[in-house]
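Heads up, the thing below is written out as C-alpha cells.
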Amino acid sequence: MSYSGKHGTGHSRRKEDNDTAHQKKSQRLFTVLSIVVVTTIGLIIGFFMSGQIRDSMINNYAKYNAVQVTGNITTAFSNNDVKEPLRGSGLSHLQEHTKHALMDTDIKSIRFWNTDGLILFSTSKDQIGNITEDGKSLAGKFVADPEKKLINTTVKNSSGERMVTYYPVFLDKANPNQVSAVYEVSMSLDGLQSSINAVMRTVVIGLGSLIIALVLIAQVTSIMLRNRNLKLKNLTAKLAIKADTDGLTGLNNHLHFQNALKDQVEKAQRINSKLSVVMIDLDRFKNVNDRYGHQTGDKVLKKVAGIFDKVLRETDFSARYGGEEFVAVLPDTNSTDALSFAERLRKSAEELTFGDESEKTAALNITLSCGVAEFPEHGNDPSALVAAADSALLFAKNHGRNQVRSFNEFASSDIEEEDLERLINRLQNASLKTVQALAAAVDTKDQFHSAATNSSITANFAGRLNLDKDSMATLSLATQLHDVGEATIPGQVLNKSASLSENEMDSIRTHPEASVKIVEAASQTQSLLGAILHHHENWDGTGYPDGLKGSEIPYLARMLRIVDSFEAMTTERPYRNAMTTNEATKELERNAGTQFDPEMVTAFIETIAPTEGVIKESIHVSTATRRDEKATA
C-alpha cells in the first residue's frame, strides 16, 4: 500500500483556492456582459424616445411658426369674406406683410381656403381662386369633427423634406364651433431636422453615458461587496482552519481529530469497510525538554509532524493528539497495512537530524512508539477504537519503546503491575466514556464474554427491587465496567478450555481490584467502585477479594453478582456449552444462600420469567453467532 500527500487537508484547501479564482473570473465576465446588455437596452430606449421627442418638437415648432404668420391673414377675413378670394390692394398688402413674416421662419408657403375648397389666399398668387378637392375633403373632416385641432403630414421631394399642417379656422361669432375655413402651412424641416438631430445626439449620448455610469457604479459597488464578502469568507475559512489546526506543528488539532474520526467511523459502518487508528508517542520526550530546552522540544515536534507529509495518503488524516502524542486515521486500511505505515513512520523518525556536528543537538536521536487498532475488530465506536490503539501504544512503550504494536498483541498478553499503573496514570480524570471505551476494547480479549443480555435484564431486575434512578444508573455502569480489569489477564487464560492452574486462578481473582483501580482513575463514585470490587463476593463469605459475607456485601455488588453469573452461565464457554435459561435459574436457586443473596435470587427469577422466551432466543442467536465466529477463526 502506497502513501503520499499531506495530512488530510491539502486537497480541500487547493480546491478552495481554485474556486476563489474561478469566482473572480466569473465576476469580471458578469460585469462586462452587464455593461454591454444594459447599455444596449439604454440606447434602444434612447432611440425610441428620441423619435417621440423629435415628433413633439416638430409639431410644436410648426404650430408656433404658423401662429406667428397667420394672425394677419385671419384678421383680413370675416365670416362674410370667406365666400370670395381676396383681391386688389388688400391682397397686395396682405401678401407683402406675409412675405416679410415668413423671412424669419422655415415656412415656405401658406394657403387659405373655405369649406368648398376655394382658395381665398395663397403665397403663390396664381393659386388664388382655384378649387382644391383635397382641401375641400380636409375641410369636411374638420367640419365633421370640430374638436380636431390640426392634421400633419410629411412630404419628401427633390427639394427636401416638408411638413404640411392643416388648421381649422372659426370666424363665425354666432356659431363659434362652426368651421369656416382651413389653413395649410408648408414648412421645410431641413434646418429644423439638423437642430433636432444635434439635440437627439446629445440626449442619446447623455442618456447612454448616464446609464453606463450608473451600471459602472452599480458594478463597482457590487464588486466591492463581493470582494468584501469574499474576504470575510476567506477570513472565516482561515479562522476555521486555524481552529482545526495545531499552532505549533501545523497538523490538525485534537478536536478536529475527534470530529474526523467520528465521520470516518460512520462512513466505515455505512459502507462496511476497514478503518485503522495509529497512536504515536515520542519516547522519553521529557528528557529532550529537560536537557535541550523547550525550544528544541518544539523543533523536534515540528520535524516529527513533517514526517506525516511523506507517508500519508491524500485520504488519510493526521493530528497532534496532545503533548508529544500524535494520531493518524487510515480509511480503508486493515491493521496489517496500518502496522506497515506505522513502521515506516517509526523508521523515518530515526533518520531525523537536528543540527550539524558543531551543534549540541547533533547527538539528539528521536524514536517513536506506535499502537495500532482496527475497526471494527478492536472497537466499534470512536472512543473504543482510540482506547484500543492507546492500549497498544502503552504495550509498545512498556516493552522496550521504539516499536510498533497492534491491539491484538495487547489483548493476547497480560499487563504487569507496572503496566497497570501506567494505564491508570493515563486514565487520570478521564471521562466515563473513555473508560467505557477501554472496557469495550478489553472485552475483545474474551471470545466468549458478552453483555448482550445484561442491559434489559439488569434494568428489569433493578425495577423489581425498586432502585432509585441514580442507583439504577450506577448498576448499569457496573455491568459495563466490572470486568475492565481483565486487561491484566492474558487472553489465553481467559479463553482456556482446560482447567486453570492455581496461578491462573490467582490472576483471575485479581481482576476486580484491577477494575476498581482503572475506574477509580476516572474519578467515579464510591458506590460504583464498591459494586465492581465486590461483585465476586459470596453470600456465605467464601468469595473474593475480601471474603465479605451477607449484608456486608454492597447491595449493588450482590445484584451484579447474580446478573453476571446468569450471563456467564447462559454464554458458551471453552470448557462447556451454554446453559438454557431454565438450567441457569435452577443453578441460581441451588446456590441461593451460599453464593447469592436468596431474596435477590427470587426477585431475579421473577424478573426473567415473563420474558423467558425472548431471553432464550437472544441467547440462542448470540451463542450461535459466537460458535460461527470461533469456527471461522
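Could you list, in sequence order, the residues of segment 574-602 that are over 15 Å from H536 (Cα atoms) and either touching a strand residue (DSSP E or B) at 6+ places or on another chain (Cβ under 8 Å) or among the small types (G, A, S) (or both)? Write out each step before concluding.
So the first thing to find is which residues in segment 574-602 are over 15 Å from H536 (Cα atoms), and the list is 574-587, 589-590, 598-602.
Of everything in segment 574-602, those that are over 15 Å from H536 (Cα atoms) and either touching a strand residue (DSSP E or B) at 6+ places or on another chain (Cβ under 8 Å) or among the small types (G, A, S) (or both) turn out to be A578, A584, P598, V601, T602.
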For segment 149-160, state whether one or more residues are among the polar types (S, T, N, Q) and touching a residue at least 60 places away in the same chain (Cβ under 8 Å). yes
Cβ-Cβ distance below 9 Å, separation of 6 or more or different chains: which pairs start in segment 250-279 with a residue that is crowded, with 22+ Cβ neighbours inside 10 Å and end on one that is among the acidic types (D, E) and part of a loop (DSSP other than H, G, I, E, B)? N252/D246; V265/D381; L275/D332
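Looking at D134, D145, which is the one that is acidic (D, E) and open to solvent by less than 80 Å² (accessible area, probe 1.4 Å)? Don't jump to the end; show me each part of the working.
On the way: D134 fails: open to solvent by less than 80 Å² (accessible area, probe 1.4 Å).
After ruling out the rest, the residue left standing is D145.
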I'd like the residue in segment 543-586 that is acidic (D, E) and within 21 Å of A603 (Cβ to Cβ) and, out of all such residues, is most open to solvent (accessible area, probe 1.4 Å). E552
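When you scan segment 354-362, do you find a residue that is open to solvent by 60 Å² or more (accessible area, probe 1.4 Å), more than 18 Å from S276 (Cβ to Cβ) and in contact (Cβ under 8 Å) with a residue 24 or more places away in the chain, even just one?
To start, the set of residues in segment 354-362 that are open to solvent by 60 Å² or more (accessible area, probe 1.4 Å) comprises 356-360.
Those still in the list that are more than 18 Å from S276 (Cβ to Cβ) too: 356-360.
Now drop any that are not in contact (Cβ under 8 Å) with a residue 24 or more places away in the chain, which leaves 360.
Yes, the conditions are met somewhere in segment 354-362.
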Taking segment 112-168 and the residues there that are in contact with a Phe, Trp or Tyr (Cβ under 7 Å, 6 or more places away or on another chain) and assigned to a loop (DSSP other than H, G, I, E, B), the one that is nearest to G88 (Cα to Cα) would be I128
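Under 30 Å from F257 (Cβ atoms), surrounded by 14 or more Cβ atoms within 10 Å (Cβ to Cβ) and of a type outside the set (G, A, S), is that true of I241?
Numbers: under 30 Å from F257 (Cβ atoms): yes; surrounded by 14 or more Cβ atoms within 10 Å (Cβ to Cβ): yes; of a type outside the set (G, A, S): yes.
For I241, the condition - under 30 Å from F257 (Cβ atoms), surrounded by 14 or more Cβ atoms within 10 Å (Cβ to Cβ) and of a type outside the set (G, A, S) - is met.
Take the residues in segment 171-202 that are under 16 Å from F121 (Cα atoms) and in a loop (DSSP other than H, G, I, E, B), then tell me which one is modelled with the lowest pLDDT.
L171
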A careful count of residues in segment 272-324 that are more than 34 Å from the chain's Cα centre (by Cα) and among the polar types (S, T, N, Q) gives 4
Pull out all pairs, ordered by first then second residue, where Cβ-Cβ is under 9 Å, the residues are six or more apart or on different chains, the first lies in segment 322-339 and is closer than 15 Å to Q264 by Cβ, and the second is open to solvent by less than 10 Å² (accessible area, probe 1.4 Å) and among the aromatic types (F, W, Y). V327/F257; A328/F308; A328/F341; V329/F257; L330/F341; T333/F341
Return the residues of segment 554-593 that are touching a residue at least 40 places away in the same chain (Cβ under 8 Å), closer than 27 Å to D468 by Cα and part of a loop (DSSP other than H, G, I, E, B); say none if nothing qualifies. G593
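Being open to solvent by less than 30 Å² (accessible area, probe 1.4 Å) and either touching a strand residue (DSSP E or B) at 6+ places or on another chain (Cβ under 7 Å) or within 16 Å of D116 (Cβ to Cβ) (or both) is the filter here, so list the residues in segment 80-93 that pass it.
Filtering segment 80-93 for residues open to solvent by less than 30 Å² (accessible area, probe 1.4 Å) gives 82, 85, 91.
If the condition is that a residue be open to solvent by less than 30 Å² (accessible area, probe 1.4 Å) and either touching a strand residue (DSSP E or B) at 6+ places or on another chain (Cβ under 7 Å) or within 16 Å of D116 (Cβ to Cβ) (or both), then V82, P85 are the ones that fit.
The values are calculated or read from the model by the stated rules, or taken from the named source; none is laboratory data. Keep in mind it's a predicted model, so treat the numbers as computed, not measured. Reconstructed Cβ throughout: ideal geometry from the backbone, glycine too, with neighbour counts over all protein chains shown. We work out accessible area using only protein heavy atoms, side chains counted, and drop any ligands, DNA or RNA first. Shrake-Rupley method; radii C 1.70, N 1.55, O 1.52, S 1.80 Å.
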